[in-house]
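Worksheet: the structure to be examined is printed underneath.
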Amino acid sequence: APLLKKSGSVIETQLASGLPLPAVNRPQMAEVLQNLIVNAWHAMPQGGKLRFATRAVERHDGRWVELRISDTGEGIAPENYAKIFTPFFSTKPTGKGTGLGLTVVQNILEQHGGVIDFVSALGQGTQFAISLPVDRKPGVLASPAPP
């Protein structure tokens, strides 16, 4: 967060109260957030707005908690949508990233029975949605939420 504020970015939060808590590995979830925040920071070199919003979601497969992280950065080109979770894929200049951040994020979330999705528009920013099950049952695979 200090890097974002130093770059002139504004951080907004819309956090729901009384959310159920999914069972998570806290250091791994911190790594998920760090990767997404660094990506947002890189996408907003002139500053911008980073927004965090949480909510509880009732689905056919139980209770879930959702975190949406939105930025007002440069967005993701449509031709890269299918590649962003691929290991070593990066649009950053050499030396500015390994192309592993979103792969790590996706793997951690899958280990927790969670999912990640995104929407993006060039020049308008990107929003990542992380969903984690609250009542995860052993052996039940998570499925993406319907659009």
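Values computed for the structure shown
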{"quantity": "By average C-beta atoms within 10 angstrom, highest first, the peptides 50-58, 18-26", "calculated": "50-58, 18-26"}
{"quantity": "Ratio of the Cα radius of gyration of region 8-80 to 2.2 N^0.38 Å, where N counts its residues", "calculated": "1.28"}
{"quantity": "Share of pairwise Cα separations in region 43-130, more than 20 Å, in percent", "calculated": "41"}
{"quantity": "FRET efficiency estimate (nearest 0.05) - Cβ-Cβ, Phe89 to Leu33, R0 22 angstrom", "calculated": "0.60"}
{"quantity": "Fully extended contour minus Cα-Cα distance, from Thr13 to Ala77, at 0.36 nm per residue", "calculated": "20.4 nm"}
{"quantity": "Mean accessible surface per residue for region 16-124, computed with a 1.4 Å probe while every protein chain stays in place, in Å²", "calculated": "58"}
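The values are calculated or read from the model by the stated rules, or taken from the named source; none is laboratory data. It should be emphasised that the depicted structure is a prediction, and the values quoted were computed from it without experimental measurement. Note that each Cβ is placed from the backbone with ideal geometry, even for glycine, and that neighbours are counted across all protein chains shown. Ligands, DNA and RNA are excluded from the accessible area calculation, which covers all protein heavy atoms including side chains. Shrake-Rupley method; radii C 1.70, N 1.55, O 1.52, S 1.80 Å.
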